[in-house]
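Written below as structure tokens is the structure these notes are about.
The values are calculated or read from the model by the stated rules, or taken from the named source; none is laboratory data. Fair warning: this is a prediction, and the values are worked out from it, not measured in the lab. We place every Cβ from the backbone using ideal geometry, glycine too, and count neighbours over all the protein chains shown. All accessible areas refer to the heavy atoms of the entire protein, side chains included, with ligands and DNA or RNA removed. Shrake-Rupley method; radii C 1.70, N 1.55, O 1.52, S 1.80 Å.
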Amino acid sequence: MLPRRPLAWPAWLLRGAPGAAGSWGRPVGPLPRRGCSSAPGTPEVPLTRERYPVRRLPFSTVSKQDLAAFERIVPGGVVTDPEALQAPNVDWLRTLRGEDGRPPWAWLSRAPVLAQHCCLGGLRQMTLSACPTKWDLEPLPQEHRAGCSKVLLRPRTSEEVSHILRHCHERNLAVNPQGGNTGMVGGSIPVFDEIILSTARMNRVLSFHSVSGILVCQAGCVLEELSRYVEERDFIMPLDLGAKGSCHIGGNVATNAGGLRFLRYGSLHGTVLGLEVVLADGTVLDCLTSLRKDNTGYDLKQLFIGSEGTLGIITAVSILCPPKPRAVNVAFLGCPGFAEVLQTFSTCKGMLGEILSAFEFMDAVCMQLVGRHLHLASPVQESPFYVLIETSGSNAGHDAEKLGRFLEHALGSGLVTDGTMATDQRKVKMLWALRERITEALSRDGYVYKYDLSLPVERLYDIVTDLRARLGPHAKHVVGYGHLGDGNLHLNVTAEAFSPSLLAALEPHVYEWTAGQQGSVSAEHGVGFRKRDVLGYSKPPGALQLMQQLKALLDPKGILNPYKTLPIQA
């Protein structure tokens, strides 16, 4: 086991908003405040129930006895400060928020003025130590208790997670696991008043093997920090995401995140070797093996990869890291049409073969938004489409020669109209920023309707064209970009504000169109809260029934991340 300095508890979680480092770990300027309430002049995040039909399930509510129990389990790790709870109650896109209401407990006594003062948030830290002994802490009536989550727990070990879940299971308290809270489908935030269980303090590297490249770490390690750790030892993480500066490896595994290296290294179903998971009743399931081959019965870890915290809470991960490439080249090219994008990809696979590590595409509107909102300049002449190609290999001269021949062929055949290539790290990062920061640019363009689809590559862009004609002036922008190498389209529609009529024009049309192509309604973002009722477009009834049965087996009371991933059964 290697000693590891604990990674820092993210300051934005305590302040309510990312600072200059933003969600991408690079200077991006201040982002909108995330919370149950907004700063003056900032539009308030709407209530989830105002946009989606959802009713609170009959879970218990947190009492003073529960708070005392949690304080014994995680001393100093119980957060009830309203300001500190703003960020974890709202999704990164600022489109979902648990129902507002008074705090789930109030000082009911002979002094109604004090009781009213506390209910209005006059007490900034409502812990047991702050309670005046002459007042009794009692629950509020039910109609006032389905508010934003008022409790966030920050355990450091799997044992603490086990004790928390054992208590919550006995008390029928719903729990919302949360990592970096960078998800796009509302899977990491409370819908009502679920207890938030953050993995942010579970951030230690437990071991790393310098020969095999097997990393074992706690679930709260930030992906970018892990990348630095293994790169110092001549390896890389098999996963790379635009949100790597904030997302946690446990959340990545729980959502089966895809990312930018999927084309080369595949999914987490293949690179994750083992997991430690705490089940709903507090049982610790130790499948944290470091073996690459283990053919002894059911591969239980696969149940939890992509389960989004509904079957158990991942507390530690064993993952296989590839050797660090000795040579990395990036080319950024302009293409005259999507047909040429497809031909470029086909030619690229044939000519670059084993060194091809990424093939990304974006349309012209994406580039315009990145320039307008983030002031990033295009390195090539204006084109209808752009592609970013990355090669990774062990021989710089060999790789540069192969890439050069490919670029010469692509330009000569008219597949590409303009391009630039980078080999030094600074320029490589600049070119990747054009692709990685599209999500950020879209978030600054207005309200965003996001769809993450898997489609046959030959039909990948057709739905963008279809929606532009269907929506017309009712949408501000309709854009398409994503991982062409694995058929993953990120379809985004922006508008000045949320519109029920625009949503009705998009759904279920987008899902029906995708199902007609035998595609998937979620390629890599997961299901979360937003897509739980559209799984039937991608999964047959028998598969949905089996998922429900697995949920009932592992979480019979349904306390783990309720309202997420699976449709609510009538």
What is the Rg over Rh value, at two decimals, for the stretch 415-570, using alpha-carbon atoms and the Kirkwood definition of Rh? 1.03
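At 0.36 nm per residue, minus the direct Cα-Cα distance, what do Ser413 and Asp281 gain on full extension? Give it in nm, one decimal, please.
41.3 nm
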Percentage relative contact order, the stretch 388-502, counting C-alpha pairs under 8 Å, at least six apart: 24
Placing each pseudo-label 7 Å from Cα in the direction of the beta carbon, Leu553 and Thr157 end up separated by a distance in nanometres of 3.1
With unit charges on the beta carbons (Lys and Arg positive, Asp and Glu negative) and the dipole taken about the Cα centre of the stretch 514-569, which residue among Thr514, Pro562, Pro541 sits farthest to the positive side? Pro562
Would you mind computing, in nm to one decimal, how far apart the modelled labels at Thr296 and Glu382 are, each placed 7 Å from Cα along Cα→Cβ? 6.4
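For the stretch 276-361, report the accessible area per residue in Å² (1.4 Å probe, heavy atoms, rounded to an integer). Write out the running numbers ahead of the final one.
Numbers: 3480 Å² over 86 residues.
Here the residues of the stretch 276-361 average 40 Å² of exposed surface.
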Let me spell out the model: positive unit charges on the Cβ of Lys and Arg, negative unit charges on the Cβ of Asp and Glu, origin at the Cα centre of the stretch 149-223. What dipole size does that give, in debye rounded to 20? 180
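Taking each pair of different alpha-carbon atoms in the stretch 266-420 once, compute 1/r for the pair, average those values, and report the inverse of that mean as the Kirkwood hydrodynamic radius in Å to one decimal.
Kirkwood hydrodynamic radius for the stretch 266-420: 18.7 Å.
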Residues of the stretch 179-204 with amide N under 17 Å of a point placed 7 Å along Cα→Cβ from Tyr52: 179, 181-196
Assuming R0 = 30 Å, can you tell me the calculated FRET efficiency for the pair Thr420 and Phe498, based on Cβ-Cβ distance, to the nearest 0.05? 0.20
Bin width 5 Å, origin at 0, all Cα-Cα pairs of the stretch 275-314: what percent of pairs per bin? 6, 24, 33, 21, 13, 4
Gain in length, Asp234 to Ser60, computed as 0.36 nm per residue apart minus the alpha-carbon separation, to one decimal in nm? 57.7 nm
Distance cut-off 29 Å, Cα to Cα: go down the list Lys402/Lys427; Lys402/Lys429; Lys429/Lys564; Lys64/Lys564; Lys450/Lys564 and report the pairs above it. Lys429/Lys564
Spin-label point model (7 Å from Cα, Cβ direction): what's the Asn395 to Gln518 distance in nm? 4.0
Would you mind classifying the stretch 158-257 by shape? Square roots of the alpha carbon gyration tensor eigenvalues, ordered a ≥ b ≥ c; an a/c under 1.5 is rounded, otherwise it is prolate if a/b is larger than b/c and oblate if not. oblate
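Treating only the Cβ of Lys, Arg, Asp and Glu as charged (+1, +1, -1, -1), what charge dipole size does the stretch 428-468 show about its Cα centre? Round to the nearest 20 debye. Don't skip to the answer; put the middle values down first.
Details: 7 positive and 7 negative charges, 41 e Å.
Around 200 debye, computed over the stretch 428-468.
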I'd like the Karplus ³J(HN,Hα) series for the stretch 397-411: coefficients 6.51, -1.76, 1.60, θ = phi - 60°, whole numbers in Hz, and an x wherever there's a Gly or Pro. x, 4, 5, 5, 5, 5, 5, x, 5, 4, 5, 4, 5, 5, 5
